[in-house]
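The values are calculated or read from the model by the stated rules, or taken from the named source; none is laboratory data. None of the values given here were measured: they were computed from a predicted structure. Note that we place each Cβ from the backbone using ideal geometry, even for glycine, and neighbour counts take in every protein chain shown.
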Amino acid sequence: MIKGLEDTIIKLRHFWHSNMRLVSYYWERTHRNRLATCGLAFIVFLVLLALIGPFLTLDPTEVNFEEKNLPPVGFTVEQSVYNIETGEFITKKVAGTWKHPLGTDSKGRDMLAMIVSGARVSLFVGLIATGIAIILGTIIGVLSAYFGGWVDNVMMRFTDIMMTFPFFLLLVLIVFIFGPSLIFIILAIGLTGWTGTARMVRSESLSLRTREFVLAARALGASDNRVVFRHLIPNVISLIIVIATLSIPGVILAEAALSFIGLGDPTVPSWGIILEAGQHSLDTAWWVAVEPGIMLFLTVLAFNFLGDGLRDAFDPKSQI
Amino acid sequence: MRKSWLRDYIIRRLFYSIIIAWGILTVTFILVRVGPSSPADRYLANLAASGQDVTQVIAAIEARYGVDRPIWEQYTDYMTNLFRGNWGWSFSTSMPVIELIKKHWIYSFQLILLSSLFAAFLGILIGIYSAVKQYTKADYTFTFLSFIGISIPNFWLGVMLILIFSVKLGLFKTYYDTTLPLFSIENLKALVLPVITLGTGMLAAYVRYTRSAMLDNLRKVFVTTARAKGLPERIVIGKHVFRNALLPLVTIILFDLGSIVFGGAYLTEIVFGIPGLGQISFKAIFANDYPVVVAVTLIGTLVVLLVNLVTDIIYTYLDPRIRYD
């Protein structure tokens, strides 16, 4: 009993050490890439912002028409204001205040608070939908490669159909039909976005399948389950990490684009929804369209830098 | 004789493409028809205001458009008609779908064509330059810029271009003017911002593809041989390296066309109000005008399938060693 426990602990420790060694090796190689490090730093900042930011900012839903269309700090704009006493429009200069560092929108909501809670939505969508897509894609890819034959044929033909489907049109259709709620948006993106992963994981597993260690495992009588989960999947993990990092920006953009064309969840203030509103007030409040876009852009850029760095670290020859 | 296998291959691929197109057509049809809204929806407000019996009128409208029948019957009818070349009737615009498409396809086509040309031309030039000057300041700058170009959300770029060049500087109109004649300077000017919006992402991607394809070949032995023969660098790069880099490049560019263009063109058309196929299908989805939605999806799919097939064929001519068996 005690002996068994000790064995397990030793095994676990060994597992931890060998993996930590790998992790630190890859971290070292990724870290050398300055852009990837910057990307990672921004992502960490964004996660912190999404986790604790909403407790520090004002209420993003609080409407205040007294303070509408305030510019960000450091900017001054001219606004025409209706004067009730004289019944005329007068132009007055309005300057940004520190109460609303990023200004306010046409309903007087605080932009900083909206951007911060938008970060929560975007990251949530990006991580969950990518997770669904990656898990689906990996399972389909590995099974397809491992079993071959008609399983491979059916799965790959289905992947072909999904790949040919105009992706964005399909998303618009699904979200329109099932209604614009965040859950359906996430599911729609996740359930349609797995095709690329499936293809890449399949071709990687195909070459792994014929390697000696898989052959050895099978010769020793390992079950299909064991070969797939202990030998194939661990060996495609690095590929999966890279694909995941590089697909998160696409997912975040897809949600933002859906929101932008009016198919976003109206109950959550995502960056796309703020951007959509800002698009209609370009001449009165340009910052409403500019700010969420900059965040969106920086987020996508950060994930692209990190994904690129990780790919170079894991496999300098790869071309994905 | 040499290409006899190619003919068989093309026939097989065409057959296969038809099956894929049919699958997509069916899925789209079902998705649209199980949707919550009905073609009668847009009359509801008027009906309610005029105090008529709403349910009766809705039933009449649905019978008029044939959407009250079982979905299976609608599907078989639609497919038979489509097969005979009848694309159906768009009830939200009150004209045959084929007429609607004939009227609007050119707007999408000109946008996509100009953007692709802009992106491919500049992208390949910059990519070659970047590869030849690898690890110089210019190379780093272009690589960095291409990252930015890939990461910038294209609909936001469109809004920013409108903000800067239309709202603040007043150089362009804030929307696409449909009254302009198609082949005119004014129309070209109206397309400048949309083309930049759609083209920037592609441009950045092409810079990266070209650069890496060029670098792959620059280190090959035949390049050293060409240089050793004393060929001028211009010929070495242009004839020996670029010719070989072109092969993977053509494939990637054509395959990309499908994904980048259909997502991007859709949004670009909506941002600038260009009345192309993306715009009409977008409106049709909200009006539950299923013949239009299905038709536009079908056209998109067919274009992608055709482009993929053409890519494979071009490939065999560019590289005679390739066989698809």
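Quick look at the numbers
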read-out: Subset of the range A:159-181 that is of a type in the set (S, T, N, Q) and modelled with pLDDT of 80 or more - its residue that is nearest to A:Phe260 (Cα to Cα); value: A:Ser181
read-out: Residue within the range B:154-164 that is surrounded by 22 or more Cβ atoms within 10 Å (Cβ to Cβ) and over 21 Å from A:Ala285 (Cα atoms) present; value: no
read-out: Evaluation of A:Ile273 against (1) within 11 Å of another protein chain (Cβ to nearest Cβ); (2) at pLDDT 85 or above; (3) surrounded by 22 or more Cβ atoms within 10 Å (Cβ to Cβ) (one fails), failing number; value: (1)
read-out: Boolean, B:Ala295 is in contact with a strand residue (DSSP E or B) (Cβ under 9 Å, 6 or more places away or on another chain) and aliphatic (A, V, I, L, M); value: yes
read-out: Members of the range B:123-153 that are of a type in the set (S, T, N, Q) and crowded, with 21+ Cβ neighbours inside 10 Å; value: B:Ser130, B:Ser146, B:Ser151
read-out: Near pairs, Cβ below 8 angstrom, 6+ apart or cross-chain, from the range B:143-158 (more than 8 Å from every other protein chain (Cβ to nearest Cβ) and in a helix (DSSP H, G or I)) to any residue that is among the small types (Gly, Ala, Ser) and crowded, with 21+ Cβ neighbours inside 10 Å; value: B:Thr143/B:Ser130; B:Leu145/B:Ala204; B:Ser146/B:Ala204; B:Gly149/B:Gly201; B:Gly149/B:Ala204; B:Asn154/B:Gly201; B:Asn154/B:Gly264
read-out: Single unsatisfied condition, B:Ile280 versus (1) at pLDDT below 80; (2) surrounded by 23 or more Cβ atoms within 10 Å (Cβ to Cβ); value: (1)
read-out: Selection count where residues are surrounded by fewer than 21 Cβ atoms within 10 Å (Cβ to Cβ), out of contact with any helix residue (DSSP H, G or I) (no Cβ under 7 Å at 6 or more places or on another chain) and of a type outside the set (Val, Ile, Thr), scope the range B:287-307; value: 1
read-out: Restricting the range A:94-128 to residues that are surrounded by fewer than 19 Cβ atoms within 10 Å (Cβ to Cβ) and among the β-branched types (Val, Ile, Thr), the residue that is nearest to A:Phe260 (Cα to Cα); value: A:Ile128
read-out: Close pairs (7 angstrom Cβ cut-off, 6 or more residues apart or separate chains): outside any helix (DSSP H, G or I) in the range B:123-141, at pLDDT below 90 anywhere; value: B:Lys133/B:Asp139; B:Gln134/B:Leu215
read-out: Hits in the range A:173-225 (condition: within 14 Å of chain B (Cβ to nearest Cβ), surrounded by fewer than 16 Cβ atoms within 10 Å (Cβ to Cβ) and of a type in the set (Ser, Thr, Tyr)); value: A:Ser181
read-out: Helices (runs of 4 or more DSSP H) fully within the range B:192-276 counting 3 or more residues that are in contact (Cβ under 8 Å) with a residue 24 or more places away in the chain; value: B:192-218, B:242-272
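Conditions (1) within 14 Å of chain B (Cβ to nearest Cβ); (2) in contact (Cβ under 8 Å) with a residue 40 or more places away in the chain; (3) over 18 Å from A:Gly148 (Cα atoms), marked per residue:
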{"residue": "A:Arg230", "(1), (2), (3)": "no, no, yes"}
{"residue": "A:Pro234", "(1), (2), (3)": "no, no, yes"}
{"residue": "A:Ala244", "(1), (2), (3)": "no, yes, yes"}
{"residue": "A:Pro249", "(1), (2), (3)": "yes, yes, yes"}
{"residue": "A:Ala254", "(1), (2), (3)": "yes, yes, yes"}
